[in-house]
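Notes follow once the structure below has been shown.
The values are calculated or read from the model by the stated rules, or taken from the named source; none is laboratory data. Treat the numbers as computed from the prediction; the structure is a model and nothing was measured. Don't worry about glycine lacking a Cβ; one is built from the backbone with ideal geometry, like all the others, and counts go over all protein chains shown.
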C-alpha cells in the first residue's frame, strides 16, 4: 500500500513539472515572436515606452485585431495653404477614436517622399484624440500638390486615409 502512495506522488510530481514546462514554453514563444499582452506591460518599468506598441500580427490572432475600433479624421481634406519653394512646414492632422476599444497605429504611408509622417506610438483610448505630424519639404516642387496620408491600425478596414493640399510658389 505504501508503494502505491509513493508511485502516485512521483506521477503527480512529473505531471506538475510537465505542465510547468508547457506553460513556460508558451510564454517564451509569445515573447519570442514579439507579441505581448497588456497585462505584461508594467508602467513602472523603465522600458515601458518600447513596449507600448507591440508587434501586431493578424495571423497571430492578436487581441487588437480581434477587437477593432473606428476612427474619424477631424477633416477629410486639409488645406496647408501656399508656401515658398525650398521651405519645410510641419502640420498636425488630428483624428478621434470613435469606437469603444483602444486604437493602435501599426503603420503610416504617404503618397510622396517629400512628406515625412510621425506619431506617438501609444494607444489612443476610446473617445480620445490622436495626432499624426507631417513634415512637408517643398524642395523641387512647383504648383498645386495633393498628398494622401494613409494610417493603418486596428480598424475595419485597416486603412484610413486623409488628403492634404499645398500650393508651392
### Task
Just one of (1) surrounded by fewer than 16 Cβ atoms within 10 Å (Cβ to Cβ); (2) more than 22 Å from residue 87 (Cα to Cα) trips up residue 104, so point out which.
(1)
### Message
Tally up the residues in segment 137-162 that are surrounded by 13 or more Cβ atoms within 10 Å (Cβ to Cβ) and part of a loop (DSSP other than H, G, I, E, B), please.
### Response
4
### Query
When only residues in segment 108-118 that are part of a strand (DSSP E or B) and without any contact (Cβ under 8 Å) to a residue 24 or more places away in the chain count, which is nearest to the chain's Cα centre (by Cα)?
118
### Query
Taking residue 88, is it surrounded by 13 or more Cβ atoms within 10 Å (Cβ to Cβ) and modelled with pLDDT of 90 or more?
no
### Message
What pairs come out if I take residues in segment 13-24 that are in a helix (DSSP H, G or I) and pair them with residues that are at pLDDT 85 or above whose C-beta lies under 7 Å away, six or more apart or interchain?
### Response
none
### Query
Restricting attention to segment 61-73, which residues are assigned to a loop (DSSP other than H, G, I, E, B) and modelled with pLDDT of 90 or more?
70
